[in-house]
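Taking it in order: structure first as structure tokens, then the write-up.
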Amino acid sequence: MLGPPPRPLFADACVSPEGDLWLAVGGPNPPGGLLVSRDGARSFHETTRQSPRDPDAHHFYGVFALDRDHVWACGAMGEDDTGVLWRS
């Protein structure tokens with residue numbers, strides 16, 4: 001008997017000066033990603049669409065929004081957990 005699938009890990013969150021809420025999703029499964037809400041957390045848009053089958057999928061552990069157009073995120077990629085830095 002299989003248990004429920006693992007839930008995503010919300011590793012970090014920040015709010016831009018314009019009020020956008022950014023969430024860093026660390027995994028473990030499905031792959032992590034970055035989510036943004038521009039309506040007070042009523043809805044979210046995934047900015048990083050990754051396939052659950054991609055062995056090099058990213059897991060994000062930190063996010064910082066300088067403003068709406070400049071967002072930085074850090075995390076790891078793939079099975080070897082190679083460090084990555086992502087920017088908008």
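The orientation-averaged projection of the convex hull spanning the C-alpha atoms of the range 10-88 amounts to 4.7 square nanometres.
Here each label is just a point 7 Å from Cα along the line to Cβ, and for Ser88 and Glu46 those points are 1.9 nm apart. Using a probe radius of 1.4 angstrom, the carbon and sulfur fraction of the accessible surface of the chain is 56%. Annotation note: GluC sites (Glu not before Pro) in the range 14-88 located in DSSP loop regions with a Cβ neighbour count of at most 13 within 10 Å are Glu18, Glu79.
The values are calculated or read from the model by the stated rules, or taken from the named source; none is laboratory data. Here the structure is a predicted model, which means the values were calculated and not measured. Don't worry about glycine lacking a Cβ; one is built from the backbone with ideal geometry, like all the others, and counts go over all protein chains shown. These accessible areas exclude ligands, DNA and RNA; they are computed on the full protein's heavy atoms, side chains included. Shrake-Rupley method; radii C 1.70, N 1.55, O 1.52, S 1.80 Å.
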